[in-house]
Amino acid sequence: MKLLITGGAGFIGSNFIHYWLKKYPEDKIVNLDLLTYAGNLENLKDIQDNQNYKFTKADIADKVEVNKIISEEKPDAIVHFAAESHVDRSILGPEEFVRTNILGTFNLLESARQNGNIRFHHISTDEVFGSLGPNDALFNETTPYDPRSPYSASKASSDHLVRAYFHTFNLPITISNCSNNFGPYQFPEKLIPLFITNLIEDKKIPLYGDGMNVRDWLYVEDHSSAIDLILKKGKIGETYCIGGNSEKTNKEITYKILEIMSRGEEMIEFVEDRKGHDRRYAIDSTKIQRELGWIPKTNFEDGIKKTIEWYKENEDWWKKIKSGEYQNYYKNNYKNR
C-alpha cells in the first residue's frame, strides 16, 4: 500500500508515520508538508533514509502543485493531517486558517477525484462541535456543528467539503473527529509540552483563566491505531469520533505535571483567559469501539508520565524549536518543489 500523508512533519502526522512504518514496513509513504512553523523534519530524522519513505515540500493551497504530486505518486490512499491548528493563532490571523484548512482541503479532494477517486481520510477535531456544559451529553457523530473560533470554523468547513465530495462525486472518504492529543513531538506552544518544557527550564507555567476548562485527552499512539482501523475497516462515507475517555480540567493537568516533576504550585502563573475559550469538550467513542473494535490502550496517567520522560530525554529537539533554530535549517535546506 502507498499512502500520501499531508502534514506528516507535524505532531500527529509524524507520530502516524512512525506508527505505520513500524507496523507495515513494506508499505510506502509520501510525506507532503510545507514545513510551516509547526512542521519539523527532526520529528522523522530516524526514518529519513528509509527507502519506503519520501518527503516532498509543497503547499496544499497550491492547486497545480498538489495535483502534480498526486498524479505522479499515484497513492492508494490520502491521509489528510495538514492544518493550521492553534486557536490563539487563528484569533490573531484567521486568513491563513481559511487558506490552508478550507482551500487546501478542497485542492486535495479535487485532485483525489480527478486521479481515480483515491481513498481519502480526513483528520478533524472535536472543536467543530462547539462547547459543552458540565452536564451535557458527550459529542458523538450526530452532534450538530457549532464552531466558536476561526480555527474550528475552518475545520468544520473542511469536514463539510469532504462529506460533500462523497455525496456528490462518490469519493471514498472517511472522517475522524478526535479529542486533544498528547505525546512525543508535540509543538511546545500547546498546553502539555509548554508546561513540561517550561518547568524543565525553571520557568512559570501560564494557566488560562480559572483553569477549569475541560478537555478529553488522547495519547497520540492510540489516535494512530484508530486511524489505521478506519482506513482498513471503516465504512466509506462515515464519520468516527475518537476520544481518550480522559476528561481533565486544565488545572488537574497542571497539578499532575507539577506532582510528577516534583514542583510546587508557586510555578503556576494565572493569565487572562483566551477569547471565546470553550468550556468543555468530551467525546463518545462508542461507534468506533462497537463497529471497529478500537479502544485506547494508554490511560492518561501512564501517557503523561511517558510524555514527560520523552521531553526530558529530548531537550535538544524542543530547545531548537523554542529558539527558532530548527526553522532556519529547514528553510535553507528544503525548497518547495
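The values are calculated or read from the model by the stated rules, or taken from the named source; none is laboratory data. Keep in mind that this is a model prediction, so the values were computed, not measured. With ideal geometry, Cβ positions are generated from the backbone for all residues, glycine too; neighbour counts draw on all protein chains shown.
Quick rundown of the values:
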item: Members of region 61-88 found to be more than 15 Å from residue 120 (Cα to Cα), β-branched (Val, Ile, Thr) and modelled with pLDDT of 95 or more, listed by number; result: 64, 69
item: Residue check, residue 91 modelled with pLDDT under 95, in a helix (DSSP H, G or I) and surrounded by 15 or more Cβ atoms within 10 Å (Cβ to Cβ); result: yes
item: Extreme residue, farthest from the chain's Cα centre (by Cα), among residues of region 95-110 that are surrounded by fewer than 23 Cβ atoms within 10 Å (Cβ to Cβ) and more than 14 Å from residue 156 (Cα to Cα); result: 110
item: Region 178-211 - residue that is charged (D, E, K, R) and out of contact with any helix residue (DSSP H, G or I) (no Cβ under 6 Å at 6 or more places or on another chain) and, of those, surrounded by the most Cβ atoms within 10 Å (Cβ to Cβ); result: 190
item: Of all residues making up region 293-314, the number that are crowded, with 17+ Cβ neighbours inside 10 Å and more than 18 Å from the chain's Cα centre (by Cα); result: 4
item: Residues of region 59-69 satisfying the condition of being assigned to a loop (DSSP other than H, G, I, E, B) and surrounded by fewer than 18 Cβ atoms within 10 Å (Cβ to Cβ); result: 62
item: Filter pass, residue 310 being among the hydrophobic types (A, V, I, L, M, F, W, C), outside any helix (DSSP H, G or I) and under 20 Å from residue 222 (Cβ atoms); result: no
item: Entirely in region 157-259, the strands (runs of 3 or more DSSP E) that have 3 or more residues that are in contact with an Asp or Glu (Cβ under 8 Å, 6 or more places away or on another chain) and either more than 30 Å from residue 318 (Cα to Cα) or in contact (Cβ under 8 Å) with a residue 24 or more places away in the chain (or both); result: 173-178, 205-208, 214-219, 239-242
item: Residues that are more than 12 Å from residue 225 (Cβ to Cβ) and either surrounded by fewer than 23 Cβ atoms within 10 Å (Cβ to Cβ) or modelled with pLDDT under 95 (or both), drawn from region 19-33; result: 21, 24, 25, 26, 27, 28, 30
item: Residues within region 11-34 that are in contact with a helix residue (DSSP H, G or I) (Cβ under 8 Å, 6 or more places away or on another chain) and either over 10 Å from residue 55 (Cα atoms) or part of a helix (DSSP H, G or I) (or both), tallied; result: 12
item: Selection within region 275-299 - farther than 20 Å from residue 224 by Cβ, in contact with a Gly (Cβ under 8 Å, 6 or more places away or on another chain) and part of a loop (DSSP other than H, G, I, E, B); result: 277, 278, 279, 282, 284
item: Odd one out for residue 78 among (1) touching a Ser or Thr at 6+ places or on another chain (Cβ under 8 Å); (2) assigned to a helix (DSSP H, G or I); (3) crowded, with 18+ Cβ neighbours inside 10 Å; result: (2)
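For every residue, the table says whether it meets (1) surrounded by fewer than 22 Cβ atoms within 10 Å (Cβ to Cβ); (2) at pLDDT below 95; (3) in contact with a Phe, Trp or Tyr (Cβ under 9 Å, 6 or more places away or on another chain).
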{"residue": "128", "(1), (2), (3)": "no, no, yes"}
{"residue": "133", "(1), (2), (3)": "yes, yes, no"}
{"residue": "142", "(1), (2), (3)": "yes, no, no"}
{"residue": "146", "(1), (2), (3)": "yes, no, yes"}
{"residue": "151", "(1), (2), (3)": "no, yes, yes"}
{"residue": "157", "(1), (2), (3)": "yes, no, no"}
{"residue": "169", "(1), (2), (3)": "yes, no, no"}
